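Asker: The structure follows.
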């Protein structure tokens, strides 16, 4: 199955599996699915599903539940990142943010609901209990205290307080890269890949996540709000690769990471190696 077909399969699964609370709240159900339904790169679900498709393709239908859980976690993080107490953004995925469409209370609660429901989806996925416990441990660690939350805390606290390159990398490994690495690792766990292969994929994912962040910083510095589908030019107070290294330096860092990832791909078996190479070429052109 091609990446496009995998994404189409995931989109259909997402639409069918958005929950309904059946309450008398006037907009809660719609708000819950709103930021999921307006799209996005679906980068993390694609990584997980690509690992499964190229390793144990018969497990793709089971893995869709796990991919949905990861996308819910990612979407909750975006909703909270856009809140007035953080980035105060009015646009995400080309769509008004929830605190703009509704109010801040709704946005906070929808983020909370997506975060917790992701683990409900994981716990009820059609996989063995042993596999699900491993998946829950990985996602709760890399999306939580040991990953994304710690990175976000550092990002917010150190606004207007420049970090050095090692500190900047630490920030973005945790805020961005760990959830991307977790997506690959969770795919490997579903397929019960060898421990060494799991570790290789996770290490690859950390570098891929840093590349993702470098490109995001370049987009913020070079694209308009309309082109990016979210506010840009807002990283002036942030610790970004462009702010630390300059635009030319950030582009050099991007090329360096691309070369390192190409080398890492040689450690993986075909056809997974080729699929990941195609994903990188598609998402990180130029």
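Asker: Kindly list, by first and then second residue, each pair from a residue in segment 113-141 that is touching a residue at least 24 places away in the same chain (Cβ under 8 Å) to a residue that is assigned to a helix (DSSP H, G or I) and surrounded by fewer than 14 Cβ atoms within 10 Å (Cβ to Cβ), limited to pairs with Cβ atoms under 9 Å and residues at least 6 apart or on different chains.
Answerer: Note: pairs meeting the criteria are 126/61.
Asker: Return yes or no: is residue 80 within 16 Å of the chain's Cα centre (by Cα), in contact (Cβ under 8 Å) with a residue 24 or more places away in the chain and within 17 Å of residue 121 (Cβ to Cβ)?
Answerer: Numbers: within 16 Å of the chain's Cα centre (by Cα): yes; in contact (Cβ under 8 Å) with a residue 24 or more places away in the chain: yes; within 17 Å of residue 121 (Cβ to Cβ): no.
No.
Asker: Continuing with the same structure: Residue 208: surrounded by fewer than 20 Cβ atoms within 10 Å (Cβ to Cβ), in a helix (DSSP H, G or I) and touching a residue at least 40 places away in the same chain (Cβ under 8 Å), yes or no?
Answerer: no
Asker: Residues of segment 89-131 being surrounded by 14 or more Cβ atoms within 10 Å (Cβ to Cβ), more than 18 Å from the chain's Cα centre (by Cα) and closer than 27 Å to residue 190 by Cβ, which ones?
Answerer: 123, 125, 127, 131
Asker: Take the conditions under 30 Å from residue 188 (Cβ atoms) and in contact with a strand residue (DSSP E or B) (Cβ under 7 Å, 6 or more places away or on another chain) and apply them to residue 35. Does it pass?
Answerer: The answer is yes for residue 35.
Asker: Yes or no: residue 41 outside any helix (DSSP H, G or I), within 18 Å of the chain's Cα centre (by Cα) and at pLDDT below 95?
Answerer: yes
Asker: Further question: I need the full set of residues from segment 51-63 which are part of a helix (DSSP H, G or I) and either free of Cβ contacts under 8 Å to residues at least 40 places away in the same chain or surrounded by fewer than 24 Cβ atoms within 10 Å (Cβ to Cβ) (or both), in order please.
Answerer: Of everything in segment 51-63, those that are part of a helix (DSSP H, G or I) and either free of Cβ contacts under 8 Å to residues at least 40 places away in the same chain or surrounded by fewer than 24 Cβ atoms within 10 Å (Cβ to Cβ) (or both) turn out to be 54, 55, 57, 58, 59, 60, 61, 62.
Asker: Give just the number: which of (1) touching a helix residue (DSSP H, G or I) at 6+ places or on another chain (Cβ under 7 Å); (2) at pLDDT 95 or above does residue 20 not satisfy?
Answerer: For residue 20, the failing item is (2).
The values are calculated or read from the model by the stated rules, or taken from the named source; none is laboratory data. As the structure is a computational prediction, the values presented were derived from the model and not from experiment. So basically every Cβ, Gly included, is an ideal-geometry build from the backbone, and we count neighbours across all protein chains shown.
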